[in-house]
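Undergrad: Before I ask anything, here is the structure I am working with.
The values are calculated or read from the model by the stated rules, or taken from the named source; none is laboratory data. Please read these numbers as outputs of a predicted model, since none were measured by experiment. Counting neighbours? That spans all protein chains shown, and the Cβs are built from the backbone with ideal geometry, glycine included. Just so you know, the surface numbers come from the protein's heavy atoms only, side chains and all, with ligands and any DNA or RNA stripped out. Shrake-Rupley method; radii C 1.70, N 1.55, O 1.52, S 1.80 Å.
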Amino acid sequence: MKIKYSEYQSEEMTNVLDNILDYRDELCVNTMLKGCQNGYIADAGDRRKGQLFIKGAAVIATLIIARVWFGWLFSSGIIGITIGAILFVLISKSMADPMNRLFGPEKIRLGNPAIQNHLNQYRVWDDRKGQLHITDEPEFYGLSKFKVRKNLAEGDMSFIVLADALLGAANRISCLRSLAIASEEIKAFVDRYGEENVEIDMKLTPINSIQEPEDKTYSVSNMYTITLREKSGMGGDTIVPTEYEEKTVHIPVESGEGVYTKWREHGILDLAYFDREYANAKKTCETCKEEIPKRWLEPLFSQDSNVIRDLDKLSVFAEPSKGISGDPMEKEEESVFRFPEFAGNGNDGAKMIEELKNRMKPEE
């Protein structure tokens, strides 16, 4: 068994990931999601607000119907008031379903909904609690749903594809980060006992059998589990084996697929599998940083916006991580990312945006 560790530090990758996602949130809120914050569902608290909004809408609709059609009952004495109250309750319950369909939570694709197998299939992975960011299919309720659709229909599509590109870069970095975390944990265990004294197993594990934080940024369906087992438990001439230590490390399926394939076919636990993606993510962020100011023009957009002020968040790659040298792309393999067509585009921002727009056209 050969172990190839990631050369990147998880703390540095966490900082990179946060900067990309924070900036993308700002870009989305100030463009296609502008004016829609009140109906955005980021957590359980927002979902409860949405439920109250729907109940309120049902009550208001019921009051209008009762006033128009049955108002006379409330001025007809005790019997009329009783009948009116019963009708009010019945109508209110009957209005719950249509109000939910009209104003209830709905995921809205930031891009062309006709496209299949897009980033919604490859979530950004984050194992920390409270890391809530705008996905490629954010969820809205109430009037905000209609506002989002209006913004998408009438807005500049370039901002949509730039946000897509940033989410793609975050996807790469999150995969790299997950392997950097696993690399550090595994290296600490192996250094303690020696590689020759550690057995390693790797398998696909359903997510429902793993204890995970409840409010992660994005959910995943499965995880790969790497099990490390210290195998020198037999102490000297003793017949009964002594206690041995075991450690499990989980990595998301998106970044674990290639690692598992290489481990199964070649016996190499390649935790540096996503290291080559650092350069591609950097290239994407540099291109977005160049292109956003070209489209952020007065009078539609203020130059005082945090979208312009915080552009340096996309320069989080200025300092290289832990001693990467040479070309991070391995010669025998192309990009392991889902959009390898951008690997050779250089910083041609117009070309990247045009290709992203073409990708978003409805499929025939």
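Undergrad: Which residue out of Lys34, Lys49, Lys55 is at pLDDT below 85 and not aliphatic (A, V, I, L, M)?
TA: From the options Lys34, Lys49, Lys55, the qualifying one is Lys55.
Undergrad: Do the conditions hold for Gln131, that is, is it at pLDDT below 85, closer than 16 Å to Arg24 by Cα and either in contact with a strand residue (DSSP E or B) (Cβ under 8 Å, 6 or more places away or on another chain) or of a type in the set (S, T, N, Q) (or both)?
TA: yes
Undergrad: To continue, here is another question. What is the residue count in the range 128-151 for residues that are among the hydroxyl-bearing types (Ser, Thr, Tyr) and farther than 10 Å from Phe103 by Cβ?
TA: The total comes to 1.
Undergrad: Specify the residue that is surrounded by the fewest Cβ atoms within 10 Å (Cβ to Cβ); the eligible residues are those in the range 264-306 that are of a type in the set (Phe, Trp, Tyr) and in a loop (DSSP other than H, G, I, E, B).
TA: Phe301
Undergrad: From the residues in the range 146-164 that are open to solvent by less than 10 Å² (accessible area, probe 1.4 Å) and not aromatic (Phe, Trp, Tyr), which one is farthest from Trp296 (Cα to Cα)?
TA: Val148
Undergrad: Further question: Between a residue in the range 136-155 that is assigned to a helix (DSSP H, G or I) and any residue that is open to solvent by less than 30 Å² (accessible area, probe 1.4 Å) and not aliphatic (A, V, I, L, M), which pairs come within a Cβ distance under 6 Å, given they are 6 or more apart or on different chains?
TA: Going by the 6 Å Cβ cut-off, the qualifying pairs are Ser144/Cys36; Ser144/Gly39; Lys147/Cys36; Val148/Cys36; Val148/Phe140.
Undergrad: What are the pairs with Cβ atoms under 6 angstrom where one residue, in the range 170-197, is without any contact (Cβ under 8 Å) to a residue 60 or more places away in the chain and the other, located anywhere, is polar (S, T, N, Q) and crowded, with 21+ Cβ neighbours inside 10 Å? Sequence gap at least six, or different chains.
TA: Listed by first residue and then by second, the contacts come to nothing, as the list is empty.
Undergrad: Something else: With the checklist (1) modelled with pLDDT of 85 or more; (2) crowded, with 18+ Cβ neighbours inside 10 Å; (3) part of a loop (DSSP other than H, G, I, E, B) in hand, flag the one item Phe337 doesn't pass.
TA: (1)
Undergrad: Give the residue, chosen from Thr227, Thr261, that is modelled with pLDDT of 85 or more, of a type in the set (Val, Ile, Thr) and open to solvent by 50 Å² or more (accessible area, probe 1.4 Å).
TA: Every option except Thr261 fails the conditions.
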